[in-house]
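Peer 1: Here's a structure for you.
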Amino acid sequence: MTARLEAAAPRAALPALRRPRLPFSAWHLLLVPLALVFAAPLVWLLLSSVMSNAEINRFPPALWPSHVDFSGYRYVLENALFLRWFTNSLIVSAVTVVSNLLFGTLGGYAFARMRFTGSRALLALMVATMAIPFQLTMIPTFLVMKKLGLIDTLGALVVPSLVTPFAVFLLRQFFLSLPRELEEAAWIDGCSRLRVLFTIVVPLSRPALSTVAVLTFLSTWNDLTWPLIAVNHDTTYTLQLGLTTFQGQHHTNWAAVMAGNVITVLPVLLAFLGAQKTFVQSVTSSGLKG
């Protein structure tokens, strides 16, 4: 009996001899290098913004500034119209985000909870419009804005994006994942549909609303093509369009371009970092039901 116990003792100790596990997920071995690759352009942009034009144009390019030079930032901030461009972009982005949250919530809830004649066909048609490239609708949109007298105003940048199919569809998908019992209990208590929507459904949909807000802000803030067509006067330029004026036909102030892009990227990074957790939660939840 004693011999058997002694023979079994090494076997019992075998699990302790297994190879130690990594203190992190094995996926990190792939994700960390990828993150560094994606962060490299941002780091290069930041370093180039504190270089002089001579260093930026030097070949081979300098990987590190010989000395910190803020001439690009001074040139940008001393430009009389830069703050105007920043304000225009902020106004257009804010109005577009708020309108997409409002109209996207109303449209998404209607498609998720209300059944009316042609609702499925209308939903399919709306989703199909997401596959149409902007280049095909650019000229008709311009003609409509011209008829409304909005060309060369901030209204021409806001009206075409007051509500997007993406916002309606994403919120509709999230609303489908919410239990109906909460709404039915409110209906029994005498709440109207709008009250149920804004007092029960909307507070539970903060992840989806945050995602719509962030993605709408990103697309509006970074848009260059439509402002390039819809506005002509420099006082109505957005930030992206205004930065193109730093590039001339024969000379480009690259230090100012880099500094302006750093200032432009900061609101985008803050918006994404502030809503990162809710963004992932929304993407996960909105795919539960079709």
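The values are calculated or read from the model by the stated rules, or taken from the named source; none is laboratory data. Treat the numbers as computed from the prediction; the structure is a model and nothing was measured. Glycine gets a Cβ as well: all are built from the backbone with ideal geometry, and neighbour counts include every protein chain shown. What goes into the accessible areas is simple: the full protein's heavy atoms, side chains included, and nothing from ligands, DNA or RNA. Shrake-Rupley method; radii C 1.70, N 1.55, O 1.52, S 1.80 Å.
Peer 1: Check region 140-152 and report whether any residue there is within 27 Å of R193 (Cβ to Cβ) and not polar (S, T, N, Q). Let's see the steps before the verdict.
Peer 2: First pass over region 140-152, keeping only residues within 27 Å of R193 (Cβ to Cβ): none.
No: zero hits.
Peer 1: State the number of residues belonging to region 114-140 that are surrounded by 12 or more Cβ atoms within 10 Å (Cβ to Cβ) and over 23 Å from the mean Cα position of the chain (by Cα).
Peer 2: Result for region 114-140: 3.
Peer 1: Within region 180-198, how many residues are of a type outside the set (A, V, I, L, M) and either in a helix (DSSP H, G or I) or touching a helix residue (DSSP H, G or I) at 6+ places or on another chain (Cβ under 6 Å) (or both)? Quick ask: steps written out before the conclusion?
Peer 2: Residues of region 180-198 that are of a type outside the set (A, V, I, L, M), as a first pass: 180-181, 183-184, 187, 189-193, 195, 198.
Adding the requirement that they be either in a helix (DSSP H, G or I) or touching a helix residue (DSSP H, G or I) at 6+ places or on another chain (Cβ under 6 Å) (or both) leaves 180-181, 183-184, 187, 193, 195, 198.
Of the residues in region 180-198, 8 are of a type outside the set (A, V, I, L, M) and either in a helix (DSSP H, G or I) or touching a helix residue (DSSP H, G or I) at 6+ places or on another chain (Cβ under 6 Å) (or both).
Peer 1: Kindly provide the set of residues from region 156-179 that are outside any loop (DSSP other than H, G, I, E, B) and free of Cβ contacts under 8 Å to residues at least 40 places away in the same chain, ordered by number.
Peer 2: Within region 156-179, V159, P165 meet the criteria.
Peer 1: Can you spot a residue in region 48-67 that is over 30 Å from S205 (Cβ atoms), modelled with pLDDT of 85 or more and loosely packed, with under 12 Cβ neighbours inside 10 Å? Spell out the reasoning first.
Peer 2: We begin by selecting, within region 48-67, every residue over 30 Å from S205 (Cβ atoms); these are 48-67.
With the extra rule that they be modelled with pLDDT of 85 or more, the set shrinks to 48-51.
Retained after the next criterion (residues that are loosely packed, with under 12 Cβ neighbours inside 10 Å): none.
So far as region 48-67 goes, no, none of its residues is over 30 Å from S205 (Cβ atoms), modelled with pLDDT of 85 or more and loosely packed, with under 12 Cβ neighbours inside 10 Å.
Peer 1: Here are the criteria: (1) of a type in the set (S, T, Y); (2) surrounded by fewer than 20 Cβ atoms within 10 Å (Cβ to Cβ); (3) at pLDDT 90 or above. Tell me which single one S161 does not satisfy.
Peer 2: Of (1) of a type in the set (S, T, Y); (2) surrounded by fewer than 20 Cβ atoms within 10 Å (Cβ to Cβ); (3) at pLDDT 90 or above, only one is false for S161: (2).
Peer 1: Given (1) under 23 Å from V97 (Cα atoms); (2) hydrophobic (A, V, I, L, M, F, W, C); (3) surrounded by 17 or more Cβ atoms within 10 Å (Cβ to Cβ), identify the lone condition not met by A186.
Peer 2: (1)
Peer 1: Report the residue count in region 75-131 for those that are of a type in the set (A, V, I, L, M, F, W, C) and in a loop (DSSP other than H, G, I, E, B).
Peer 2: The qualifying residues number 6.
Peer 1: Let me ask another. What single numbered condition from (1) of a type in the set (F, W, Y); (2) at pLDDT 85 or above; (3) over 29 Å from the mean Cα position of the chain (by Cα) fails to hold for Y73?
Peer 2: (3)
Peer 1: On to the next question. Look at V95 and say whether it is open to solvent by 50 Å² or more (accessible area, probe 1.4 Å), of a type in the set (V, I, T) and modelled with pLDDT under 90.
Peer 2: Working: open to solvent by 50 Å² or more (accessible area, probe 1.4 Å): yes; of a type in the set (V, I, T): yes; modelled with pLDDT under 90: no.
Spelling it out, it is not the case that V95 is open to solvent by 50 Å² or more (accessible area, probe 1.4 Å), of a type in the set (V, I, T) and modelled with pLDDT under 90.
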